[in-house]
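Accompanying notes for the structure given below.
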Amino acid sequence: MLEQEPSRTAFNAAFYRAAHQVLEEGRFFKDPFAVPILGLDPETFWQDREEHNRRRGIRFFVVARSAIAEQALKEAVERRAVRQLVILGAGLDTFSYRNPFGSQLKVFEVDHPATQAWKRRRLVEAGIAIPSDLVYAPVDFERDNLSDCLAACGLDQNIRTFFVWLGVVPYLTVDAISLCLSQMAAHPAGAEVVFDYSEPSDRIDPAARADRDEREARVAAAGEPILSRFIPSDLHAMLRRYHFDNIDDFDVPAILVRLQGHAAPPRSAIPRVGGHLLLACT
(Lines give C-alpha, C1' and ligand atoms only; values in the text may rest on other atoms or scores of the structure.)
Protein backbone atom coordinates (compact mmCIF):
# COMPACT_ATOMS: atom_id res chain seq x y z
CA MET A 1 0.00 0.00 0.00
CA LEU A 2 1.30 3.45 -0.86
CA GLU A 3 2.19 5.81 1.95
CA GLN A 4 -0.84 7.92 2.80
CA GLU A 5 -1.83 10.76 5.06
CA PRO A 6 -3.67 10.05 8.31
CA SER A 7 -7.44 9.89 8.35
CA ARG A 8 -9.39 13.11 8.28
CA THR A 9 -10.51 12.61 11.86
CA ALA A 10 -6.94 12.03 13.05
CA PHE A 11 -5.77 15.16 11.25
CA ASN A 12 -8.67 17.21 12.66
CA ALA A 13 -7.87 16.06 16.20
CA ALA A 14 -4.25 17.13 15.72
CA PHE A 15 -5.43 20.46 14.30
CA TYR A 16 -7.62 21.11 17.36
CA ARG A 17 -4.74 20.29 19.73
CA ALA A 18 -2.51 22.67 17.77
CA ALA A 19 -5.15 25.41 17.71
CA HIS A 20 -5.43 25.16 21.49
CA GLN A 21 -1.70 25.85 21.82
CA VAL A 22 -1.94 29.00 19.71
CA LEU A 23 -5.36 30.45 20.47
CA GLU A 24 -5.55 29.50 24.15
CA GLU A 25 -1.84 29.25 24.95
CA GLY A 26 -2.19 25.60 25.97
CA ARG A 27 -4.46 26.50 28.89
CA PHE A 28 -5.59 22.93 29.56
CA PHE A 29 -3.02 20.92 27.63
CA LYS A 30 0.51 21.91 26.70
CA ASP A 31 2.05 20.22 23.68
CA PRO A 32 5.08 21.94 22.11
CA PHE A 33 5.00 19.54 19.13
CA ALA A 34 1.31 19.95 18.25
CA VAL A 35 1.92 22.76 15.74
CA PRO A 36 5.28 21.60 14.28
CA ILE A 37 4.06 18.08 13.48
CA LEU A 38 1.38 19.58 11.22
CA GLY A 39 3.89 21.76 9.39
CA LEU A 40 1.68 24.84 9.79
CA ASP A 41 2.53 28.47 10.50
CA PRO A 42 0.97 29.48 13.86
CA GLU A 43 -0.49 32.51 12.10
CA THR A 44 -2.75 30.08 10.23
CA PHE A 45 -4.83 29.70 13.38
CA TRP A 46 -5.55 33.43 13.64
CA GLN A 47 -6.83 33.80 10.09
CA ASP A 48 -10.36 32.55 10.67
CA ARG A 49 -11.31 33.24 14.27
CA GLU A 50 -15.02 32.96 13.57
CA GLU A 51 -14.68 29.38 12.33
CA HIS A 52 -12.43 28.48 15.26
CA ASN A 53 -14.94 29.94 17.72
CA ARG A 54 -17.76 27.98 16.09
CA ARG A 55 -15.85 24.77 16.75
CA ARG A 56 -14.70 25.68 20.24
CA GLY A 57 -16.83 22.95 21.82
CA ILE A 58 -15.35 20.06 19.86
CA ARG A 59 -11.87 21.56 20.23
CA PHE A 60 -12.31 21.61 24.01
CA PHE A 61 -13.42 17.97 24.03
CA VAL A 62 -10.43 16.83 21.93
CA VAL A 63 -8.01 18.77 24.12
CA ALA A 64 -9.69 17.64 27.35
CA ARG A 65 -9.54 13.97 26.50
CA SER A 66 -5.79 14.20 25.85
CA ALA A 67 -5.19 16.18 29.03
CA ILE A 68 -7.16 13.80 31.26
CA ALA A 69 -5.65 10.73 29.59
CA GLU A 70 -2.13 11.98 30.31
CA GLN A 71 -3.05 12.88 33.90
CA ALA A 72 -4.39 9.35 34.40
CA LEU A 73 -1.26 7.86 32.83
CA LYS A 74 0.95 9.86 35.20
CA GLU A 75 -0.98 8.52 38.18
CA ALA A 76 -0.75 4.97 36.84
CA VAL A 77 3.02 5.19 36.37
CA GLU A 78 3.65 6.76 39.77
CA ARG A 79 1.17 4.74 41.86
CA ARG A 80 0.57 1.42 40.12
CA ALA A 81 3.89 0.65 38.45
CA VAL A 82 2.58 0.90 34.89
CA ARG A 83 5.64 0.56 32.67
CA GLN A 84 4.15 0.09 29.20
CA LEU A 85 1.94 2.44 27.21
CA VAL A 86 0.01 1.39 24.11
CA ILE A 87 -1.44 4.25 22.04
CA LEU A 88 -4.16 2.72 19.88
CA GLY A 89 -4.89 4.64 16.68
CA ALA A 90 -1.98 6.96 17.46
CA GLY A 91 -2.54 9.24 14.46
CA LEU A 92 -0.58 12.45 15.01
CA ASP A 93 -0.45 12.13 18.79
CA THR A 94 2.89 13.42 20.11
CA PHE A 95 3.17 11.93 23.60
CA SER A 96 5.85 9.46 22.49
CA TYR A 97 8.17 12.34 21.53
CA ARG A 98 7.78 14.28 24.80
CA ASN A 99 7.48 11.29 27.14
CA PRO A 100 8.37 12.69 30.60
CA PHE A 101 9.06 9.22 32.01
CA GLY A 102 11.88 8.38 29.62
CA SER A 103 13.07 4.78 29.78
CA GLN A 104 10.73 4.14 32.73
CA LEU A 105 7.81 3.87 30.29
CA LYS A 106 8.08 1.95 27.04
CA VAL A 107 5.67 3.21 24.36
CA PHE A 108 3.98 1.32 21.53
CA GLU A 109 2.20 3.34 18.82
CA VAL A 110 -0.50 1.29 17.09
CA ASP A 111 -1.88 2.40 13.73
CA HIS A 112 -2.14 1.52 10.07
CA PRO A 113 1.40 1.05 8.67
CA ALA A 114 0.84 3.53 5.85
CA THR A 115 -0.25 6.20 8.33
CA GLN A 116 2.77 5.42 10.49
CA ALA A 117 5.10 5.88 7.50
CA TRP A 118 3.56 9.29 6.75
CA LYS A 119 3.87 10.34 10.39
CA ARG A 120 7.52 9.34 10.57
CA ARG A 121 8.24 11.46 7.52
CA ARG A 122 6.48 14.43 9.13
CA LEU A 123 8.50 13.96 12.31
CA VAL A 124 11.75 14.10 10.36
CA GLU A 125 10.61 17.19 8.44
CA ALA A 126 9.61 18.90 11.70
CA GLY A 127 12.91 18.05 13.38
CA ILE A 128 11.20 16.01 16.11
CA ALA A 129 13.44 13.22 17.36
CA ILE A 130 12.06 9.67 17.27
CA PRO A 131 13.01 7.84 20.49
CA SER A 132 15.14 4.78 19.84
CA ASP A 133 12.95 2.55 22.02
CA LEU A 134 9.58 3.65 20.58
CA VAL A 135 7.83 0.72 18.89
CA TYR A 136 5.54 1.21 15.88
CA ALA A 137 3.00 -1.60 15.84
CA PRO A 138 0.91 -1.98 12.65
CA VAL A 139 -2.69 -3.07 13.37
CA ASP A 140 -6.09 -3.00 11.61
CA PHE A 141 -8.60 -3.00 14.48
CA GLU A 142 -11.36 -4.55 12.37
CA ARG A 143 -9.21 -7.41 11.04
CA ASP A 144 -6.17 -8.06 13.22
CA ASN A 145 -5.82 -9.69 16.61
CA LEU A 146 -4.54 -6.89 18.84
CA SER A 147 -2.90 -9.21 21.38
CA ASP A 148 -1.03 -11.14 18.71
CA CYS A 149 0.20 -7.99 16.99
CA LEU A 150 1.42 -6.45 20.23
CA ALA A 151 3.09 -9.67 21.34
CA ALA A 152 4.90 -9.82 18.01
CA CYS A 153 6.14 -6.27 18.60
CA GLY A 154 7.54 -7.11 22.02
CA LEU A 155 4.84 -6.11 24.52
CA ASP A 156 5.79 -7.76 27.82
CA GLN A 157 2.90 -9.78 29.24
CA ASN A 158 4.38 -9.52 32.74
CA ILE A 159 4.23 -5.72 32.96
CA ARG A 160 1.12 -3.70 33.83
CA THR A 161 0.06 -1.75 30.73
CA PHE A 162 -1.90 1.44 30.02
CA PHE A 163 -3.92 1.72 26.79
CA VAL A 164 -4.82 5.13 25.32
CA TRP A 165 -7.60 4.79 22.75
CA LEU A 166 -8.75 8.29 21.78
CA GLY A 167 -10.80 9.25 18.73
CA VAL A 168 -11.15 5.65 17.58
CA VAL A 169 -14.03 3.83 19.28
CA PRO A 170 -16.91 5.65 17.51
CA TYR A 171 -15.50 4.58 14.13
CA LEU A 172 -15.40 0.86 14.97
CA THR A 173 -18.14 -1.72 15.04
CA VAL A 174 -19.39 -2.89 18.42
CA ASP A 175 -17.89 -6.32 17.70
CA ALA A 176 -14.45 -4.84 17.06
CA ILE A 177 -14.66 -2.71 20.21
CA SER A 178 -15.72 -5.69 22.29
CA LEU A 179 -12.89 -7.82 20.94
CA CYS A 180 -10.26 -5.16 21.64
CA LEU A 181 -11.52 -4.63 25.19
CA SER A 182 -11.49 -8.36 25.87
CA GLN A 183 -7.90 -8.59 24.63
CA MET A 184 -6.79 -5.66 26.79
CA ALA A 185 -8.50 -7.16 29.83
CA ALA A 186 -6.74 -10.48 29.23
CA HIS A 187 -3.32 -8.84 29.68
CA PRO A 188 -1.91 -11.02 32.50
CA ALA A 189 -0.20 -8.27 34.50
CA GLY A 190 -3.23 -5.98 34.51
CA ALA A 191 -4.53 -3.33 32.14
CA GLU A 192 -5.82 0.23 32.25
CA VAL A 193 -7.61 1.98 29.39
CA VAL A 194 -8.90 5.44 28.55
CA PHE A 195 -11.19 6.04 25.58
CA ASP A 196 -13.95 8.35 24.40
CA TYR A 197 -17.40 7.47 23.14
CA SER A 198 -20.74 9.07 22.25
CA GLU A 199 -24.29 8.49 23.39
CA PRO A 200 -27.15 7.86 20.92
CA SER A 201 -28.70 10.92 19.29
CA ASP A 202 -31.98 10.67 21.18
CA ARG A 203 -30.11 11.27 24.45
CA ILE A 204 -28.59 14.64 23.55
CA ASP A 205 -30.02 18.14 23.16
CA PRO A 206 -31.51 19.03 19.75
CA ALA A 207 -29.07 21.91 19.09
CA ALA A 208 -26.08 19.73 19.94
CA ARG A 209 -27.57 16.95 17.80
CA ALA A 210 -27.70 19.23 14.76
CA ASP A 211 -24.07 20.25 15.17
CA ARG A 212 -23.00 16.65 15.66
CA ASP A 213 -24.99 15.43 12.66
CA GLU A 214 -23.34 18.07 10.45
CA ARG A 215 -19.85 17.16 11.67
CA GLU A 216 -20.47 13.44 11.28
CA ALA A 217 -21.84 13.92 7.77
CA ARG A 218 -18.56 15.56 6.77
CA VAL A 219 -16.39 12.72 8.04
CA ALA A 220 -18.76 10.09 6.65
CA ALA A 221 -18.41 11.72 3.23
CA ALA A 222 -14.66 11.33 3.66
CA GLY A 223 -15.12 7.60 4.27
CA GLU A 224 -15.16 7.58 8.07
CA PRO A 225 -18.75 6.99 9.23
CA ILE A 226 -19.73 6.66 12.87
CA LEU A 227 -20.39 2.98 13.56
CA SER A 228 -21.07 2.81 17.29
CA ARG A 229 -22.74 4.73 20.11
CA PHE A 230 -23.42 3.58 23.64
CA ILE A 231 -25.79 4.14 26.52
CA PRO A 232 -23.36 4.50 29.45
CA SER A 233 -24.89 1.74 31.57
CA ASP A 234 -24.71 -0.71 28.66
CA LEU A 235 -21.07 0.09 28.01
CA HIS A 236 -20.22 -0.25 31.69
CA ALA A 237 -21.88 -3.68 31.71
CA MET A 238 -19.71 -4.71 28.74
CA LEU A 239 -16.57 -3.57 30.55
CA ARG A 240 -17.50 -5.46 33.70
CA ARG A 241 -18.00 -8.64 31.70
CA TYR A 242 -14.31 -8.35 30.83
CA HIS A 243 -13.40 -7.64 34.48
CA PHE A 244 -12.81 -3.93 34.11
CA ASP A 245 -14.17 -3.32 37.60
CA ASN A 246 -12.92 0.20 38.25
CA ILE A 247 -14.76 2.57 35.91
CA ASP A 248 -14.74 6.38 35.88
CA ASP A 249 -17.01 7.87 33.22
CA PHE A 250 -16.79 11.62 32.56
CA ASP A 251 -19.48 13.52 30.68
CA VAL A 252 -18.79 17.16 29.73
CA PRO A 253 -19.74 18.69 33.12
CA ALA A 254 -17.50 16.15 34.88
CA ILE A 255 -14.68 16.90 32.44
CA LEU A 256 -14.97 20.60 33.28
CA VAL A 257 -14.68 19.82 36.99
CA ARG A 258 -11.66 17.55 36.39
CA LEU A 259 -9.78 20.15 34.34
CA GLN A 260 -10.75 23.34 36.14
CA GLY A 261 -10.47 21.98 39.66
CA HIS A 262 -13.70 23.55 40.87
CA ALA A 263 -17.43 23.09 40.43
CA ALA A 264 -18.78 23.32 36.90
CA PRO A 265 -21.85 25.41 36.07
CA PRO A 266 -25.20 23.75 36.83
CA ARG A 267 -25.81 20.79 34.53
CA SER A 268 -28.97 22.48 33.28
CA ALA A 269 -26.77 25.24 31.86
CA ILE A 270 -24.57 22.85 29.86
CA PRO A 271 -26.02 21.28 26.69
CA ARG A 272 -26.12 17.49 26.63
CA VAL A 273 -23.72 16.83 23.78
CA GLY A 274 -23.30 13.11 24.36
CA GLY A 275 -19.51 12.99 24.52
CA HIS A 276 -17.87 10.92 27.25
CA LEU A 277 -14.34 10.04 28.35
CA LEU A 278 -14.00 6.76 30.22
CA LEU A 279 -11.23 5.35 32.40
CA ALA A 280 -11.21 1.71 33.47
CA CYS A 281 -8.75 -0.80 34.86
CA THR A 282 -8.53 -4.46 35.80
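The values are calculated or read from the model by the stated rules, or taken from the named source; none is laboratory data. It should be emphasised that the depicted structure is a prediction, and the values quoted were computed from it without experimental measurement. Positions of Cβ are backbone-derived with ideal geometry, glycine not excepted, and every protein chain shown enters the neighbour counts. Ligands, DNA and RNA are excluded from the accessible area calculation, which covers all protein heavy atoms including side chains. Shrake-Rupley method; radii C 1.70, N 1.55, O 1.52, S 1.80 Å.
Overview of results
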read-out: Helical contribution to [θ] at 222 nm, DSSP H n ≥ 4, -39,500 (n - 2.57), averaged over the chain, rounded to 500; value: -13000 deg cm²/dmol
read-out: Candidates Glu109, Glu24, Glu199, ranked by Gaussian network fluctuation over the chain, Cα under 10 Å, top entry; value: Glu24
read-out: Förster radius 41 Å - calculated FRET efficiency between Asn145 and Arg215 (Cβ-Cβ, nearest 0.05); value: 0.80
read-out: Additional length obtainable on full extension of the chain from Asp205 to Ala186, 0.36 nm per residue less Cα span; value: 3.1 nm
read-out: Val124/Arg8 FRET efficiency (R0 22 Å; Cβ-Cβ; nearest 0.05); value: 0.45
read-out: Additional length obtainable on full extension of the chain from Cys153 to Val174, 0.36 nm per residue less Cα span; value: 5.0 nm
read-out: Accessible area expressed per residue, segment 58-114, with surrounding protein chains retained (probe 1.4 Å, Å²); value: 32 Å²
read-out: Fraction of beta bridges assigned by DSSP in the chain that are antiparallel (%, nearest 5); value: 40 percent
read-out: Net lengthening on full extension, Asp133/Arg56 (0.36 nm per residue, minus Cα-Cα); value: 24.1 nm
read-out: Positive minus negative residues near Ser201 (Lys, Arg vs Asp, Glu; Cβ under 15 Å); value: -1
read-out: Portion, in percent, of the accessible area of segment 94-231 that falls on carbon or sulfur, probe 1.4 Å; value: 52 percent
